[in-house]
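Visitor: My structure is below; once you've seen it, I'll send some questions.
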Amino acid sequence: MKKVAVLGATGSVGTQAIEVIRANSAALCLCAASCHRQWEKLVETVAPLRPATLITATENALLSYAWGEERATVYSGKDALTRYAREGDYDILLVAVTGIHGLAPTLAALERGKTVALANKETLVCGGHLVEKALEKVGKLVPVDSEHSAIHQCLKGEESASVEKLILTCSGGALRSVPIADLAKATPQEVLAHPNWSMGNKITVDCATMVNKGFEVVEAHYLFNLPYENIEVLLHPESTVHSMVEFVDGAVMAQLGTPDMRLPIQYALTYPLRLPSLCAKLSLAGKSLHFQAVDGERYPCFGEVLRAACRGPAALVALNAADEYLVEQFLLGHIQYGQIHTLLAKATAPFSGDCATLDEVLAVDEKAREYVRSLL
Ligand code: MG
């Protein structure tokens, strides 16, 4: 029985993780769950599993919570996630919070030799170089994102010297068939209608701009230790091939499945075991699969992320901070879709170089947020 702590239990990946844990109660148990501020939703979501610890990132006067006769310990406040990661009794920490707040608890868990199932992008985008260092100790990192899970599955039992390149697939987002000339004025409603995956709003916008895919290239670089030039992205509108690995002999391995996040979540939690899942089985008869190269004109933000990646950690931290703010402004109707790219490039330009510590990462994040706000 593996004890799983779910950070970000009220989000999209978090709630699906709770479903997965409930469906696999012989192999997995929920020992802790956190929310940012939706305390009622947290309690309601995890009530059937009665975890021994509840965590909220906002201040909360409660020291414990009663599940009938049993009492759960409550951690609250700004550093509650990291405190729990550092001292909690768990086997796997599923980091499914959004934003840069995922980085500190991930580092804390890895530094004490725990396994982290990582669903938080910002951890590797902003702190991949710090995670790399933490992994030199005994901790383990298992990817949850569908693309990285696919690659992780294709690489099982393979030597790293046999790998030629990684091929990440992407759906192209909600605007993939909108004429390029009309993109600049796309509305939040149009952008949020993702064709294949159901996810949170921020990541759905990032899928349309392909900032998300840029982030995934960075994540793949750190997770699988390959240079950027050996990581390719292909548009694949059916979202059936979740990603591929090409080997030195020319063989290509792919992982296929229905687009359902519960599968990669479950694989990360039960790895290296495979167990029956809640996901619908894939039926390929009569289906066609399509692949095409990424059009840089349609997805200028994608290139922006890769350029930032080549300028070092500070540029990525700044780009991530700026993107978060710009997506929020777009969803509020304060800027147009087309401005996301121009402002993203402008907001990232002054930042480059290293961020050697977590504090430096957080300082650049803060500075970049101030700077992007000053541009509007
Ligand atoms: Mg993904």
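Visitor: Taking the options GLY214, GLY200, name whichever one is within 15 Å of the ligand (Cβ to nearest atom) and touching a strand residue (DSSP E or B) at 6+ places or on another chain (Cβ under 9 Å). So that I can check it myself, show each step before the final result.
Guide: Numbers: GLY200 fails: touching a strand residue (DSSP E or B) at 6+ places or on another chain (Cβ under 9 Å).
Just a single option satisfies the conditions, and that option is GLY214.
Visitor: Among ALA96, ALA47, ALA104, ALA119, which is within 16 Å of the ligand (Cβ to nearest atom), at pLDDT 95 or above and either open to solvent by 20 Å² or more (accessible area, probe 1.4 Å) or of a type in the set (Phe, Trp, Tyr) (or both)?
Guide: On the way: ALA96 fails: either open to solvent by 20 Å² or more (accessible area, probe 1.4 Å) or of a type in the set (Phe, Trp, Tyr) (or both); ALA47 fails: within 16 Å of the ligand (Cβ to nearest atom); ALA104 fails: within 16 Å of the ligand (Cβ to nearest atom).
Answer to the selection: ALA119.
Visitor: Conditions: (1) touching a strand residue (DSSP E or B) at 6+ places or on another chain (Cβ under 8 Å); (2) modelled with pLDDT under 95. LEU166 meets all but one. Number of the miss?
Guide: Exception for LEU166: condition (2).
Visitor: Only residues in region 358-375 that are outside the structural domain of LYS133 (by TED's automatic domain parsing) and under 15 Å from LEU103 (Cα atoms) count as the first member; pair them with residues that are of a type in the set (Val, Ile, Thr) and assigned to a helix (DSSP H, G or I), Cβ under 9 angstrom, at least 6 apart or cross-chain, and list the lot.
Guide: Every condition considered, the pairs that remain are GLU360/VAL317; VAL361/ILE100; VAL361/VAL317; LEU362/ILE100; LEU362/VAL317; VAL364/VAL317; ASP365/ILE100; ASP365/VAL317.
Visitor: Is it true that some residue in region 146-168 is within 16 Å of the ligand (Cβ to nearest atom) and free of Cβ contacts under 8 Å to residues at least 40 places away in the same chain?
Guide: First, pick out the residues of region 146-168 that are within 16 Å of the ligand (Cβ to nearest atom): 146-154, 166-168.
Next, from what is left, pick out any that are free of Cβ contacts under 8 Å to residues at least 40 places away in the same chain: none.
So far as region 146-168 goes, no, none of its residues is within 16 Å of the ligand (Cβ to nearest atom) and free of Cβ contacts under 8 Å to residues at least 40 places away in the same chain.
Visitor: Would you point out the residue of region 256-290, among those that are more than 23 Å from LEU223 (Cβ to Cβ) and of a type in the set (D, E, K, R), that is most open to solvent (accessible area, probe 1.4 Å)?
Guide: Among residues in region 256-290 that are more than 23 Å from LEU223 (Cβ to Cβ) and of a type in the set (D, E, K, R), the one most open to solvent (accessible area, probe 1.4 Å) is LYS281.
Visitor: Shifting gears a bit: Among the residues of region 107-116, is any more than 20 Å from the chain's Cα centre (by Cα) and either within 16 Å of the ligand (Cβ to nearest atom) or open to solvent by less than 10 Å² (accessible area, probe 1.4 Å) (or both)? Even if it seems obvious, please write down each step before you answer.
Guide: Filtering region 107-116 down to residues more than 20 Å from the chain's Cα centre (by Cα) leaves 111-113.
Right, trim to either within 16 Å of the ligand (Cβ to nearest atom) or open to solvent by less than 10 Å² (accessible area, probe 1.4 Å) (or both) and you get none.
No, every residue in region 107-116 fails to be more than 20 Å from the chain's Cα centre (by Cα) and either within 16 Å of the ligand (Cβ to nearest atom) or open to solvent by less than 10 Å² (accessible area, probe 1.4 Å) (or both).
Visitor: Restricting attention to region 170-177, does a residue exist that is within 16 Å of the ligand (Cβ to nearest atom), assigned to a strand (DSSP E or B) and not hydrophobic (A, V, I, L, M, F, W, C)? Don't jump to the end; show me each part of the working.
Guide: Pass one, region 170-177, residues within 16 Å of the ligand (Cβ to nearest atom): 170-174, 176.
If we keep only those that are assigned to a strand (DSSP E or B) too, we end up with 170.
Still in the list and also not hydrophobic (A, V, I, L, M, F, W, C): none.
No - not one qualifying residue is present in region 170-177.
Visitor: Mind listing whichever residues of region 145-162 are in contact with an Asp or Glu (Cβ under 8 Å, 6 or more places away or on another chain) and farther than 15 Å from GLU238 by Cβ?
Guide: Looking only at region 145-162, we keep the residues that are in contact with an Asp or Glu (Cβ under 8 Å, 6 or more places away or on another chain), and these are 145, 147-148, 162.
Within region 145-162, ASP145, HIS148, SER162 qualify.
Visitor: Anything in region 1-58 that is polar (S, T, N, Q) and outside any loop (DSSP other than H, G, I, E, B)? List them, or say none.
Guide: Here is the first cut: in region 1-58, the residues polar (S, T, N, Q) are 10, 12, 15-16, 24-25, 34, 38, 45, 53, 56, 58.
Once the filter is applied, which keeps residues that are polar (S, T, N, Q) and outside any loop (DSSP other than H, G, I, E, B), region 1-58 yields SER12, THR15, GLN16, SER34, THR45, THR53, THR56.
Visitor: Let me ask you something else. Are any residues in region 323-375 open to solvent by 80 Å² or more (accessible area, probe 1.4 Å), over 23 Å from CYS310 (Cβ atoms) and not polar (S, T, N, Q), and if so, which ones?
Guide: Within region 323-375, GLU328, LEU332, HIS334, ASP359, GLU366, GLU370, ARG373 qualify.
Visitor: Just to verify a result, which residue in region 59-76, among those that are among the charged types (D, E, K, R) and assigned to a loop (DSSP other than H, G, I, E, B), is nearest to LEU7 (Cα to Cα)? Before the answer, list the steps.
Guide: Taking region 59-76 and keeping what is among the charged types (D, E, K, R), we get 59, 69-71.
From what is left, the residues that are assigned to a loop (DSSP other than H, G, I, E, B) are 59, 69.
Values: GLU59: 16, GLU69: 25 Å.
Among those that are among the charged types (D, E, K, R) and assigned to a loop (DSSP other than H, G, I, E, B), it is GLU59.
Visitor: Go through GLU232, GLU190 for me and flag whichever is surrounded by fewer than 19 Cβ atoms within 10 Å (Cβ to Cβ) and either part of a helix (DSSP H, G or I) or assigned by TED's automatic domain parsing to the domain that holds ALA322 (or both). Talk me through it step by step, then tell me what you get.
Guide: Working: GLU232 fails: either part of a helix (DSSP H, G or I) or assigned by TED's automatic domain parsing to the domain that holds ALA322 (or both).
Every option except GLU190 fails the conditions.
Visitor: May I pose another question? Mind checking which helices (runs of 4 or more DSSP H) fall wholly inside region 244-361 and carry at least 3 residues that are under 30 Å from THR187 (Cβ atoms)? Steps first, answer last, please.
Guide: On the way: elements: 262-270, 300-310, 313-331, 337-348.
Passing ranges, in order: 300-310, 313-331, 337-348.
The values are calculated or read from the model by the stated rules, or taken from the named source; none is laboratory data. Everything quoted here is computed from the prediction, not taken from an experiment. Neighbour counts run over all protein chains shown; Cβ positions are idealised from the backbone, glycine included. Each accessible area value is taken on the protein alone, full model and side chains, heavy atoms only, with ligands, DNA and RNA left out. Shrake-Rupley method; radii C 1.70, N 1.55, O 1.52, S 1.80 Å.
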